[in-house]
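The values are calculated or read from the model by the stated rules, or taken from the named source; none is laboratory data. All of these numbers come straight from a predicted model, not from anything done at the bench. Positions of Cβ are generated from backbone atoms using ideal geometry, with glycine treated the same way; all protein chains shown enter the neighbour counts. Just the protein is used for accessible areas: all its heavy atoms, side chains included, with ligands, DNA and RNA removed. Shrake-Rupley method; radii C 1.70, N 1.55, O 1.52, S 1.80 Å.
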Amino acid sequence: QLWYSGAVIDNFAAVESQQKWYGLGQRYWLNKQFWGGVGFPIFVFIGGEGSESCTRLTSKMYIYDLAEKHQALLVDLEHRFYGQSFPYMDMSTDSLQYLSADQALADLARFIGFLKQDLSTLSSKVVTVGGSYPGNLAAWFRLKYPSVTAGSIASSAPVTAQTNFKEYMDVVGQSLIHFSGQKCFDAFTLAAEIIANLALQGLGSGGMNLLQNDFNTCSPITSDLDLAVLLSDLMGNVQGTVQYNNEHTGVMNITDICSVMTATSDSYSQFVALQALYRTANGQTCEDASWADTVAYLAATQNDPTNNARPWTYQTCNEFGYFQTADSKNQPFKSWKWLDLDFSRAICFAAFDGWKSDPQVDWVNQKFGDVHIAGTNIVFPSGTIDPWHALGVTNSSSVLLPQRSEQAVFIEGTAHCNDLYAANADTDPVSLSLARETIAKQLNSWLK
């Protein structure tokens with residue numbers, strides 16, 4: 001674990017006004033295990049909306065194998081305002097004005113220049129790697145700073161900013177059908193409708209009391225916003241299973257949750273049982289249903305390495321949207337009208353001092369090109385069951401990707417960022433193995 005003390009709070013301020021970060025600076029890690037030394041490649045893993053660690057640079061990741069093959073230095077750089085990399089002494093709304101994709105990209109460019117100078121290896125080619133939001137950053141970095149990186153692996157990158165991301169739940173529904181058929185989809189749909197009907201009886205009703213008891217809420221439901229918090233958590237558990245399907249051992253996958261939902265014809269009771277399993281797996285004794293507690297957490301301004309929710313919510317409110325509503329009629333939770341755009345807007349308003357604006361998605365897409373990004377030497381892997389692929393690059397037509405050296409790799413049956421993890425011959429589908437071969441081939445061409 002190392003610290004880059006040259007990081008600048010506002011990369012775009014006049015040099016006379018530039019200030020260094022509060023504290024030690026920006027956190028990063030190096031793994032020199034395979035590095036051939038001066039002139040050999042540098043593979044940079046881009047940090048995102050969470051705390052980084054040296055795990056990124058170990059045999060758990062596919063980039064580790066590629067580093068061994070190319071005698072590359074492995075680097076992981078933490079994103080500003082996440083983990084322990086704080087430019088300011090707090091995360092007030094005023095301080096968070098310096099949290100943006102543009103600032104993060106500039107941080108990365110400054111850091112790579114420093115690192116190459118520090119290691120006396122100015123001739124080393126750099127490859128940038130990221131998954132999900134850092135996948136965006138990897139693609140955008142190659143677009144905006146092409147002299148600094150030879151190529152980028154942009155895994156599961158939702159490069160289109162979109163305020164109402166209702167397609168997320170469409171893919172959740174499609175993924176349930178893909179693995180377990182229409183019966184599973186229908187069971188979730190029926191359970192959601194029963195819950196909606198109970199909720200529609202109103203606050204303090206027998207239906208609402210039943211929901212409180214059956215889902216073991218931590219506090220009474222006293223408002224529609226409390227109800228929305230509960231429903232968001234319940235739907236979020238299913239979202240998480242689909243998004244990370246089969247990526248982690250010892251947790252439920254799509255087949256598992258569908259087995260629970262279709263074990264009997266009583267879909268509501270099965271959904272209650274499923275949520276109890278989630279609470280046990282997550283170490284929860286009760287289910288959150290408190291708008292006040294949610295807002296208190298999201299509005300907390302002190303620097304907290306464990307609170308990734310506040311900075312990421314700020315980025316969604318300000319730049320990306322990505323608000324996962326239940327608005328689409330093509331998914332199982334369509335009856336949950338409480339999970340609409342107004343719920344996300346209420347979160348932005350409450351967390352960030354009366355924030356009223358919708359995110360500036362048009363400007364973000366204008367800057368970076370959304371799925372029509374015109375960068376070079378970028379590979380875009382994504383999985384067919386990953387809900388985020390709906391905002392990503394999934395084909396390489398000349399209309400979509402103007403540059404011939406951009407390539408989409410759409411991987412059948414895989415989830416979010418699957419390709420970034422180390423290969424597993426026992427469990428990887430053929431499609432994933434072929435995708436990694438394509439990624440390796442692209443990387444070889446960048447380093448020639």
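Before moving on, here are some points about what is shown:
- Approximate spin-label separation Asn424-Asp10, in nm, with each point projected 7 Å along Cα-to-Cβ: 4.7
- Rounded to 10°, Cα long-axis angle of helix 430-447 versus longest principal axis of the chain: 30
- Cα lying deepest toward the dipole's positive end in segment 173-314, options Cys184, Gln284, Tyr314, charges on Cβ: Cys184
- Cysteines in the chain that, by Cβ-Cβ distance, have no pairing candidate under 4.7 Å: Cys54, Cys417
- For segment 210-318, averaging the sequence separation of C-alpha pairs within contact (under 8 Å, six or more residues apart) and dividing by the residue count gives a relative contact order of 37 percent.
- For a straight C-alpha distance cut-off of 24 angstrom, the lysines reachable from Lys166 (same-chain residues fewer than eight places away being disregarded) are Lys183, Lys329, Lys334, Lys337, Lys356, Lys367.
- The chain - accessible surface per residue (Å², probe 1.4 Å): 40
- Segment 1-153, accessible surface, carbon-and-sulfur percent (1.4 angstrom probe): 49
- Point-to-point label distance, Asp256-Asn307, nm (Cα→Cβ direction, 7 Å offset): 3.2
- For segment 211-258, the fraction of alpha-carbon pairs lying more than 14 Å apart is 57 percent, rounded to a whole number.
- The residue list Ser95, Pro41, Ala7 was ranked by how far each Cα lies along the charge dipole of segment 6-103 toward its positive end, using unit charges on Cβ atoms, and Pro41 comes out on top.
- P(r) of segment 145-248 over all Cα-Cα pairs, binned every 10 Å from zero, in whole percent: 11, 33, 28, 17, 6, 4, 0
- GNM result for the chain, Cα springs below 10 Å: residue of Ala192, Ala138, Ala13 fluctuating most strongly: Ala13
- Segment Arg404-Asp90, length gained on full extension (0.36 nm per residue, minus Cα span): 108.6 nm
- Its Cα gyration tensor gives segment 1-91 an equivalent ellipsoid. The semi-axes, each the square root of 5 times an eigenvalue, are 28, 15, 9 Å from largest down.
- Gaussian network model of the chain, springs between alpha carbon atoms under 10 Å - residue of Pro429, Pro332, Pro87 with greatest fluctuation: Pro429
- Taking a straight Cα-Cα cut-off under 30 Å and skipping sequence neighbours fewer than 8 places away in the same chain, the lysines within cross-link reach of Lys69 are Lys32, Lys60, Lys116, Lys125, Lys144, Lys441, Lys448.
- Percent antiparallel among DSSP beta bridges (both partners in the chain, rounded to 5): 30
- Shape of segment 325-419, Cα gyration tensor, a/c cut at 1.5: oblate
- Over the chain: Rg over Rh, Cα atoms, Kirkwood Rh: 0.98
- Linear extension gain, Trp363 paired with Lys32, 0.36 nm per residue minus alpha-carbon span: 115.2 nm
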